[in-house]
């Protein structure tokens with residue numbers, strides 16, 4: 001059954017998406033004494049963050065992009081994970097940077113990944129190792145259709161928007177969702193909103209002008225709670241700013257310039 005272009009079927013649960021090596025986690029040891037933890041978003045994979053990872057490596061950083069549990073498999077696998085498991089995933093990635101000898105660590109995430117990075121920064125504040133945070137399109141507040149999807153999740157547990165990945169090496173992700181997982185985003189959003197004022201490291205907020213998932217009021221909330229945060233608006237950019245041309249180039253430029261600025265002050 002299709003409603004507004006969405007394939008609503010339990011068969012979507014076990015669909016084989018044919019993920020490739022592009023969706024595997026990434027790690028590279030750098031030489032500048034600093035590390036960057038980059039986190040993909042809701043239903044995504046490390047493939048979506050390739051542009052940022054490659055730029056971080058080029059700049060000499062030790063860089064890591066974990067694959068969050070339940071991702072790059074099936075929607076059924078995805079549904080079995082939750083935000084507490086994803087917290088452990090990013091904790092493990094941070095530990096790897098620390099074990100690699102990083103003296104300074106920067107966090108960057110897209111969408112749900114941005115929430116996980118902000119949550120990680122707050123939870124690990126006592127380590128005093130996190131020197132900066134970049135939040136791209138963080139879903140503090142959803143667009144209306146996602147709130148509706150969350151409400152009807154018990155009745156419509158899976159939706160599918162495409163049968164296969166669109167062309168391009170960075171597009172490997174679920175083109176659909178396990179709607180029950182929207183509740184996990186809401187839990188992360190609540191935690192981040194509650195603790196945002198305690199984020200005392202440099203913070204950059206990036207808003208995509210044509211974001212079809214994040215309610216723009218998100219940035220009013222975050223800028224009120226993190227008054228020292230810098231803010232960038234990218235006109236016409238989609239929610240997936242890191243994997244759609246030409247916006248991926250702009251996201252990479254913003255990412256690199258912010259890291260350069262922070263490193264200059266280190």
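Here are a few things to note about the model shown:
- Strands (runs of 3 or more DSSP E) wholly inside region 26-142 that include at least 2 residues being out of contact with any helix residue (DSSP H, G or I) (no Cβ under 6 Å at 6 or more places or on another chain) and crowded, with 24+ Cβ neighbours inside 10 Å: 104-110
- For residue 157, the test of being closer than 24 Å to residue 67 by Cβ, in contact (Cβ under 8 Å) with a residue 40 or more places away in the chain and in contact with a helix residue (DSSP H, G or I) (Cβ under 7 Å, 6 or more places away or on another chain) is passed.
- Unique match (being out of contact with any strand residue (DSSP E or B) (no Cβ under 9 Å at 6 or more places or on another chain) and on the phi > 0 side of the Ramachandran plot) among 23, 72: 72
- Per-region count, region 202-226, residues at pLDDT 95 or above and not in a helix (DSSP H, G or I): 14
- Residue in region 144-163 that is under 30 Å from residue 261 (Cβ atoms) and within 18 Å of the chain's Cα centre (by Cα) present: no
- Restricting attention to region 150-185, the residues that are more than 21 Å from residue 76 (Cβ to Cβ) and part of a helix (DSSP H, G or I) add up to 1.
- Among residues of region 49-65 being touching a strand residue (DSSP E or B) at 6+ places or on another chain (Cβ under 7 Å) and touching a residue at least 60 places away in the same chain (Cβ under 8 Å), the one that is nearest to residue 115 (Cα to Cα) is 49.
- The requirement of being farther than 30 Å from residue 266 by Cβ, without any contact (Cβ under 8 Å) to a residue 12 or more places away in the chain and surrounded by fewer than 16 Cβ atoms within 10 Å (Cβ to Cβ) is not satisfied by residue 14.
- Single match in 172, 207 (criterion: in contact (Cβ under 8 Å) with a residue 60 or more places away in the chain, out of contact with any strand residue (DSSP E or B) (no Cβ under 9 Å at 6 or more places or on another chain) and crowded, with 18+ Cβ neighbours inside 10 Å): 172
- Selection count, region 240-266, where residues are part of a loop (DSSP other than H, G, I, E, B), in contact with a strand residue (DSSP E or B) (Cβ under 6 Å, 6 or more places away or on another chain) and surrounded by 16 or more Cβ atoms within 10 Å (Cβ to Cβ): 2
The values are calculated or read from the model by the stated rules, or taken from the named source; none is laboratory data. Not measured: the values here are computed from a predicted model. For neighbour counting, all protein chains shown are included, and Cβ atoms are generated from backbone atoms with ideal geometry for every residue, glycine included.
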